[in-house]
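Here's the structure, in structure tokens; my notes come after.
Rule-based calculations on the coordinates, nothing more; no lab input. Quick caveat: nothing in here was measured; it's all calculated off a predicted structure. Note that each Cβ is placed from the backbone with ideal geometry, even for glycine, and that neighbours are counted across all protein chains shown.
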Amino acid sequence: MSRPTRFLAVGRVRKPHGVHGELLVEVLTDFPQRLAEGVSVGLGETEPQQFLTVKSVRWHKGAWLVKLLGLTRREQAEALRGWHLFLPEQQRQDLPPTYYYEHELIGLRCQLADGREAGLVERLEAGPAGAWLVVKVGEREVLVPFVSPIVVRVDLGAGVVILDPPEGLIFGHAL
């Protein structure tokens, strides 16, 4: 029995490009090569509402220029402004071993290497130097770099992230 397909946003339509229905799309995925000619993509605001086939995709100033079959006019492209492009979630076995989707990390318990509880993962944030776990510690949020050796292990089965942060990062400095 296969599980239902879950779709993830891989891009956001910023604006039309030209007069023939091409879209300028902000890339929101770590796997941009998945968007390719012939691939069926979902389009919608928060989930796929319609599906179209990619006719062509190319890079333009750090974004995708995407041509979809059936979109031939600028007005059609304008109607998609702000919508997301969706692709099916990749199966865990197809991902690199240290890659995690944000929805897999949200709600995991954070535990320090010495066994102390540190909080819960609220979200994942992207930064110029890499990703950050936003961990709710008591009433405050703490940004934890999502890098080894600070993140020792992610155990999705046990629902825990083992951390070995520098002193003071989680609980503040001792007075």
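Within the range 7-91, the percentage of alpha carbon pairs spaced more than 22 angstrom apart rounds to 11%. Volume per residue for the range 102-163 equals 72 cubic angstrom (convex hull of Cα atoms).
Subtracting the Cα-Cα distance of Glu75 and Leu143 from their residue separation scaled by 0.36 nm leaves 20.3 nm. Under the convention that each Lys and Arg Cβ holds +1 and each Asp and Glu Cβ holds -1, the size of the dipole of the chain around its Cα centre is about 760 debye.
Scanning the chain for GluC sites (Glu not before Pro) that sit in a DSSP loop and have at most 12 other Cβ atoms within 10 Å, the longest stretch containing none of them is 46-138.
Taken over the chain, lysine pairs spaced eight or more positions apart, or on distinct chains, with alpha carbons under 18 Å apart number 4.
Loop-located chymotrypsin sites (Phe, Trp or Tyr not before Pro) across the range 74-175 with a Cβ neighbour count of 16 or fewer within 10 Å are Tyr99, Tyr101, Phe171, with loop assigned by DSSP. Rounded to the nearest Hz, the phi-derived 3J(HN,Hα) couplings of the range 138-150 under the Karplus curve 6.51 cos²θ - 1.76 cosθ + 1.60 (θ = phi - 60°) are x, 9, 10, 9, 10, 8, 10, x, 8, 9, 7, x, 5, where x marks glycine and proline. Below 14 angstrom from the Cβ of Arg116, what's the summed charge of the other residues (Lys, Arg +1; Asp, Glu -1)? Spelling it out: positives minus negatives among the neighbours equals -3.
Enumerate by residue number the trypsin sites (Lys or Arg not before Pro) in the range 21-130 meeting two conditions: DSSP loop (anything except H, G, I, E, B), and at most 11 other Cβ atoms within 10 Å of the site's Cβ.
Hits after loop and neighbour filter: Lys61, Arg116.
Alpha-carbon geometry of the chain: the Rg and the Dmax are 19.8, 65 Å, given in that order. A Cβ-based charge dipole, computed about the Cα centre of the range 7-91 with Lys and Arg at +1 and Asp and Glu at -1, lands at about 360 debye.
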